[in-house]
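Below is one structure, written out as C-alpha cells; the observations come after it.
What follows is calculated from the coordinates using simple rules that are stated; it is not laboratory data. Keep in mind that this is a model prediction, so the values were computed, not measured. We place every Cβ from the backbone using ideal geometry, glycine too, and count neighbours over all the protein chains shown.
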Amino acid sequence: MPEWSNGADSKSVGLVPAKVRILSSAYPITIFINRNLLKFLPASLRDSGKLYASRKFKMTKSKTLIEKQTKRKSNSDLVETIHSAKKNKAWLSVAEIISYPRRKRINMNLDKIDKETKAGESIIIPGKVLSQGEISKKIKIVALGFSENAKEKLLKHGCEISTIKEEIKKNPNANGLKILK
C-alpha cells in the first residue's frame, strides 16, 4: 500500500488529496486521487507495485491568492512587506507564510532559535521573535517583529536583528538565509 503525502495510514479518515503516479511500461501518468477512492482502483493495479504515491506533495500559494489574502490585512507594514516579498522570487515562500491569518503565523522563542541554529548563521523567522529563554550564539535574525524583551536580549548577546522588509531591500536574492518554521 502506498504512503500518503500527509503521513496518514489506511485507517485515517478525511479527504486529503495525494499525488499518485501510475507506472506502466508505455506511459507513466500522474493523477490526483483522494485516498478514500484508492479502494475503488482495480486490485491488480493496487497490488502490482505499479502504483506510487508521492510522500512530499505540497501545494504552494499562487501570487493571486497571496494578493487576495493581503487585502484582508489592516496592518500597513505587513501589507508592504508581503508586496515586496511577493515581487522577488527568492522571497516568495516568505510572502506565502506571512500572508496566512494571524492565528497560523509563526511565533518563536529564543530558546528554540538557539537550539535550531549554528553560530554565524543568518535566519528568517516569518513571524514574531519572543523572549522566552536565552541565546548563546551570535547570529543574524530577520523577522516580521520582535518583542521588546527579545530585542534587548539579542542586542545584549551581540546578535544582529532586522525586519523582513529591511532585509528584502538589503538582500533581494536572499543569499545565505535559512527559513525557520
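Over the Cα atoms of region 115-181, Rg to Rh with Kirkwood Rh, two decimal places? Ratio value, two decimals: 0.93.
I want the local charge near LYS165. Using Cβ-Cβ distances under 9 Å, sum +1 for each Lys or Arg and -1 for each Asp or Glu among the other residues. Around LYS165, the charge tally is -3.
Using all pairs of distinct alpha-carbon atoms, the Kirkwood hydrodynamic radius of region 63-179 works out to 14.4 angstrom.
All other residues whose Cβ lies under 11 angstrom from that of VAL79 are scored, Lys and Arg at +1 and Asp and Glu at -1, for a net of +2.
Of the residues ALA85, ILE123, SER62, the one whose Cα sits farthest towards the positive end of the charge dipole of region 59-132 is SER62 (charges of +1 on Lys and Arg Cβ, -1 on Asp and Glu Cβ, taken about the Cα centre). A simple count of charges around GLY120, restricted to other residues whose Cβ falls under 9 Å of its Cβ and scoring Lys, Arg +1 and Asp, Glu -1, yields +3.
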